[in-house]
Amino acid sequence: MKFHSHKNTDVSADFSDALLASLAPDGGLWMPDIIPEFNAQQTSRLSAMSFADCAAELARYFVDDQFTDDDLREICRDAYNFPVPLRTMDSYQLDPATPEIANEFILELFHGPTLAFKDFAARFMGRCASHIMQTSRQKRTILVATSGDTGGAIGDAFLNQKGINVFIFFPKGGVSSVQEQQLTTIGSKNSNVQAIAVDGTFDDCQQLVKDAFADTDLTQTHNLMSANSINVGRVIPQSFYYFWTSFQIRAAYPDLPIVYSIPSGNLGNLTGGLIAKKMGAPIERFVVGNNSNDPFVDYLNTGEYRPRDSVPTLSNAMDIGRPNNLARIFNLYDEDYKAIQSVCWGASFSDLETERHMRRIHTETGYIMCPHTAVGHLAMEKFSEDVELEFIKVTVSTAHPAKFADSVERILREDIPLPEPLSKIMKRKKRVDELKPTLDALRDYLAQNK
């Protein structure tokens, strides 16, 4: 498959080059030339597979000839060695053979090694990059900005990968204490992964990465590669779980429309869902939940996109005022506002509303949500009030609540046990550098750490 810049379809590359280059030469985001569409016979076969094998089959339509079918199966089975459960609030797992179950589900995407949905994209991307570099003998420097979970997932996925150095930029004081501990304890003192606290917001971190890639000399000197969702290798695998899970639901509910609600910040997760829908996933609509940083919800309501400075909130991973992947969504729908509005519905919520919802759901069901999941679930509830339609509700849960233990315990007045992966890292010593959010500061830092 060929990919083109969202700015100019004449600027093209195959998957391997697009993955390693991150951005197109004109500064555009890579987009697939063609999104495959599957007929009923094909989707029946794909949905009968395990998630990992279905992902490998879907990936075949996006990658290039550097990957054989056996390569992709090995990559996906290694990357996705954890469950992808659909649960009701009482943790009942979806069983297609039992159609009498409730019509509201939580898609828990936090069962990977770093307990966040970013593991799906990061592990696929990391293994694909390693596969490419094993044959090319290249060396790469990865720059990744994180509002919390991306950095941990990328650091884990690329740890000890030969020929790759990873620098993770996070806003100083702008992530949860558990997230910071996770980011700053990846690997040992001399490992290939380094966390950097930037004196600014996530938008500053993201802009720093963009500015670095816009600097041709800096990019060439360090063979820069981004692992943020500007990289198409991050977005494509996020379509896999929407495709597969929607068909698991369809097996149990063949006659009801399916709606997914996604807590959203940089819109990469939503973009993956929209790609899955275009591939034939039986998804009627996407509900988008924003916190106070709501430029996309504002766009859905007004038709005007107004980027703004981000503000800190309880759901910090969504504190993004200039979502990168909006350009991809515009490209997917030819900048047709009505077309986007027909498949996306949005609402935003304050921290107070989020806290109240977390308490209410916990009191009524015993289910513990992270703040981001709560925003998504709030949006689904509001959407349900606005439509007179029976449908299957799927709220995407993006992170384990223990990753936000300080906030969750304060809100619920209950201790949240740390899963084993988090318990281990809480005992490790932090390794973190600090940096001002300027290109000159980054240039000097990279020169010193080459």
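Any read-out appearing in this document is the output of simple, stated calculations on the displayed coordinates, not a laboratory observation. Everything quoted here is computed from the prediction, not taken from an experiment. Cβ coordinates were reconstructed from backbone atoms using ideal geometry, including for glycine residues, and neighbour counts include every protein chain displayed.
Taking θ as phi - 60° and the Karplus parameters 6.51, -1.76 and 1.60, the scalar couplings of region 254-271 work out to x, 10, 10, x, 10, 10, 9, 10, 10, x, 10, x, 8, 6, x, 5, 5, 4 Hz in sequence order, x denoting glycine and proline. Fewest neighbouring Cβ atoms within 10 Å first, the residues Ser5, Ser315 line up as Ser5, Ser315.
Centre-to-centre, using Cα atoms only, region 277-296 and region 56-85 are separated by 25 Å.
Per Stokes-Einstein, at 20 °C and 1.002 mPa s, what whole-number D in µm² s⁻¹ belongs to the chain, with the Kirkwood radius over Cα pairs as the hydrodynamic radius?
Working: Rh = 21.9 Å.
Diffusion coefficient, whole number: 98 µm²/s.
With a ≥ b ≥ c taken as the square roots of the eigenvalues of the C-alpha gyration tensor of region 367-450, please select rounded if a/c is under 1.5 and otherwise prolate if a/b is larger than b/c or oblate if it is not? If you can, show how the numbers build up before the last one.
Working: a/c = 3.40, a/b = 1.72, b/c = 1.98.
In terms of gyration-tensor shape, oblate.
Converting phi to 3J(HN,Hα) with the Karplus coefficients 6.51, -1.76 and 1.60 and the offset θ = phi - 60°, region 333-347 yields 10, 6, 6, 8, 4, 5, 5, 5, 5, 6, 10, 10, 10, x, 8 Hz in sequence order, with x at every glycine or proline. Relative contact order, whole percent, for the chain stands at 18, derived from Cα pairs under 8 Å and 6 or more residues apart.
Evaluate the charge dipole of the chain about its Cα centre and quote only its size in Debye, nearest 20, assuming +1 on the Cβ of each Lys and Arg and -1 on the Cβ of each Asp and Glu. Working shown, then result.
On the way: 44 positive and 58 negative charges, 276 e Å.
Roughly 1320 debye for the chain.
With both partners inside the chain, how many of the DSSP beta bridges are antiparallel, as a percent to the nearest 5?
Numbers: 12 of 50 bridges.
Rounded to the nearest five, the antiparallel share is 25 percent.
When a/c reaches 1.5 or more, the comparison of a/b and b/c decides; with that in mind, is region 277-403 rounded, prolate or oblate per its Cα gyration tensor?
Working: a/c = 1.90, a/b = 1.29, b/c = 1.47.
Oblate is the answer for region 277-403, as a/c is 1.5 or above yet b/c matches or exceeds a/b.
In this structure, the pairs whose alpha-carbon distance is over 22 Å, taken from Lys162/Lys429; Lys139/Lys430; Lys172/Lys403; Lys172/Lys429; Lys118/Lys429; Lys162/Lys189, are Lys162/Lys429; Lys139/Lys430; Lys118/Lys429. When the chain is described by a simple charge dipole with +1 on each Lys and Arg Cβ and -1 on each Asp and Glu Cβ, the residue from Leu378, Ala347, Leu435 located farthest towards its positive end is Leu435. For region 191-324, the Cβ-based charge dipole about the Cα centre amounts to some 600 debye (Lys, Arg positive; Asp, Glu negative; other atoms uncharged). When the charge dipole of region 237-332 is built from unit charges on Cβ atoms (+1 for Lys and Arg, -1 for Asp and Glu) and taken about the Cα centre, the candidate among Ser310, Gly272, Ile320 whose Cα reaches farthest toward its positive end is Gly272.
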